[in-house]
1. Provide the descending list of Cα extents for the stretch 22-141 along its principal axes, expressed in whole angstroms.
2. Can you compute the FRET efficiency between Asp156 and Asp46 using 1/(1 + (r/R0)^6), with r the Cβ-Cβ distance and R0 = 22 Å? Round to the nearest 0.05.
3. Report ³J(HN,Hα) in whole Hz for each residue of the stretch 304-315, in order, from the Karplus equation J = 6.51 cos²θ - 1.76 cosθ + 1.60 where θ = phi - 60°; Gly and Pro get x.
4. At a 10 Å Cβ-Cβ cut-off, how would you order Ser172, Ser334, Ser297, fewest neighbours first?
5. Tell me what the chain gives for mean residue ellipticity at 222 nm when only DSSP H runs of n ≥ 4 count, each as -39,500 (n - 2.57), the sum divided by the residue total, rounded to 500 deg cm²/dmol.
6. Hey, rough spin-label estimate for Asp270 and Asp255, points 7 angstrom out along Cα→Cβ, what's it come to in nanometres?
7. Relative contact order for the chain: what percent, with Cα pairs under 8 Å and sequence separation of 6 or more?
8. In which sequence would Met354, Met170 go, from the one with the fewest C-beta neighbours within 10 Å to the one with the most?
Amino acid sequence: MTPTAIPPAVPEQPATPPVRRVRLGAVGAGWWATSNHFPIFAARDDVELVGVCDPGPDLLTVQRQFGFQHATADYEELLALDLDAVVITTPHDLHYEQAVRAIERGLHVQVEKPVTLSAERAWDLHTRAEAAGVHFLVPYGWNYKPFTEAAKKLVDEGQLGQIQHVVCQMASPTRGLFAGDPDDIRALWDSETAGPQASTWQSPERGGGYAHGQITHLSALLFWLSGLRARTVQARVATAGARVDLFNAAVLTFDNGGLGSLSGAATLPDENPYQVDIRLFGSEGVLLLDTERERVSLHRYDGRRWDLDIEPGAGAYECLTPPNRFIELITGASTENNSDAGVAARTVELIDAMLRSAADGGREVLVHDDKETP
């Protein structure tokens, strides 16, 4: 009788340890946080919404809606909780202090644009984040579009050569945000709380106006895409009767010797798509990137050409990828940060200098000098 073979024992496999969820706190619970960021974080299995902070009357409503464990009006109390990361979505002039306190506690930080209102403070955050070894992301949506990432790859490959001239233009349907009833913009986003506050968006002292509110998107895309840094600027702004700038125009020079122009307008009709148009003229070719007409083309002087296929509608602004990428950076699922503290600081220092130049009648001013953080 042939004995039955006994199969070798299979060693018991240890149970896979559960993935630790990112313990997230939120400073600010207004219209943008509740319409964009919180739904994204709440839908992720690897995020635990630990606490939310806001002085407004909708705080408890927000806590219940998204399932935050704690709610407080004191951001120091929030930062004292057991957190891994914090998302800051407060008025512009509060970002710096709150981000500093978060970095001091070793927290990863996502902070809304503009990250600060002054160049010095923006570079300080960059230095602090690098020294602390934390992830720092500013959610600029266009920097994460597949077609802008494809354009960035072409630039990084050297297909343009040295960038010698830049033309940038942006326009958006934001007249109400900066000069009318800012609550009207709620119709564009799914928020159950109040809309934007005029005290933020229409106050020069708090960083209201088109430059800090919208040109920041254009310049962040330009600086990430090109790797450039502005050196000098001559700028003018116009208010058309508003308290803050609705129109911007500037002539720039860059550290590499290149020349550029930049302009912006807040007065597109509401039904029109945002316009973001960047044209980079290099020593070996020309890149055209246009979100409204959804095109990216790079044509070289040696005859080689790239004309990217872009899905219709892909140029419309949305900010879904940046909050997801923030969590992926923390968990190690991604290493790509397209809008880090360095990009944010180059953006703030340009807008800071533009507004200083405009206030001085369009005089040319230095964006930075050689002693400042590169």
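1. 38, 29, 24
2. Working: r = 30 Å, r/R0 = 1.36.
E(calc), rounded to 0.05, equals 0.15.
3. With the stated coefficients, the stretch 304-315 comes to 6, 9, 10, 10, 6, 7, 10, 5, x, x, 5, x Hz.
4. Values: Ser172 24, Ser334 13, Ser297 16.
Lowest to highest Cβ neighbour count: Ser334, Ser297, Ser172.
5. On the way: 11 runs with 103 residues, N = 374.
Mean residue ellipticity at 222 nm (helix-derived): -8000 deg cm²/dmol.
6. Going from the Asp270 label point to the Asp255 one covers 4.3 nm.
7. Details: 795 pairs, mean separation 71.7, N = 374.
That works out to 19 percent.
8. On the way: Met354 29, Met170 25.
Least to most surrounded, the residues fall as Met170, Met354.
Taken together, the values in this text are just the output of simple stated rules run on the coordinates, not laboratory data. Just so it is clear, the structure is predicted and the values come from calculations on it, not from any experiment. Virtual Cβ from ideal backbone geometry, glycine too; neighbours counted across all protein chains shown.
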